[in-house]
Amino acid sequence: MPSLHNVLLLGGSGKIAQLMTPLLLQRSWNVTSIIHNPAQVANLQKLGEGHPGKLDVLVRSLEDVTSDAQAKSLIEEVKADYVVWTAGAGGKGGPERTFKIDRDAAIHFIRASVATPSVSKFVMISFLGSRLTKPAWWTEEDWQEDVDTVRKSLQSYYEAKVAADEVLYEESKKRKDFAGIGLRPGFLNTEPAGKVILGKTPTPKGGASRASVANLTALLLDAPGVKSSWIDMLDGDEDPEAAVKRCVAEGVDAAEGEPYF
């Protein structure tokens, strides 16, 4: 029986990606996990054991992806129809490397995904503070605190992510049969997957379980009718499956208020 979907998982050695991989494989989907360190291959391959889906681990440097064509070549090589971006420089290599990976390579894969007819969904793992303007549902105090603390401490990361998020939003408009989803958690923590606040969070303050981010990504990929949108999240009190269904049914889009909304 053929796999339902082929998922290209970019940044497969990251904590969220490792939590996500078994969830995708459990759905009988094939996953191609892209990592940059060959020493991690054996450990990552263990994530594929005992699941109906097939896991392939490929060693490629996203830092070396400098064109849409290179990104498209990898998408076509693995026959992906879903693409998930969980990659990032992780603060290593200074601002130049952050911009190369978190901004430039991400944008190449976004544009290449939109340009590849077989790709129908792209999930970008971003972060809650990746915004140009204050959303109407946050207080001025919360917004200013976010700008003064988070943004200033993560300036290069912020600039890279906010640029990639904008491109995802704009590029996704080019195809009606394509969902470009920005999943945007608060401060990541190691709590187990649990209930969530999803959609337009009432505040930028709060934690977000990496396991919940992984679970929500799988649920969003699995959700029929999901549209291009930003979906913000924190740990909360709503069942994740119900939260995803609600956001899809209501057409929730936390990009509201951005210049390109």
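Coordinate-derived values only; no laboratory data. Just so you know, these numbers come straight off a predicted model, no measurement behind them. Because the Cβ atoms are built from the backbone with ideal geometry, glycine has one as well, and the counts that use them run over all protein chains shown.
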**Message:** Under 37 °C and 0.692 mPa s, how fast does the stretch 1-144 diffuse according to Stokes-Einstein, given a Kirkwood radius computed over C-alpha pairs? Answer in µm²/s, whole number.
**Reply:** 204
**Message:** List the lysines whose Cα sits under 19 Å from the Cα of K174, skipping any in the same chain fewer than 8 residues away.
**Reply:** K72, K121, K227
**Message:** Based on Cα coordinates alone, diagonalise the gyration tensor for the stretch 125-175, multiply each eigenvalue by 5, take square roots, and list the semi-axes in whole Å, largest first.
**Reply:** 22, 14, 7
**Asked** If you add up the charges near W138, with Lys and Arg at +1 and Asp and Glu at -1, over every other residue whose beta carbon is less than 12 angstrom from its beta carbon, what do you get?
**Response** -3
**Prompt:** Convex hull over the Cα atoms of the stretch 30-97, averaged projected area in nm²?
**Reply:** 5.4
**Prompt:** Counting only Cα, what are the radius of gyration and maximum Cα-Cα distance Dmax of the stretch 6-250, in Å?
**Reply:** 16.8, 49
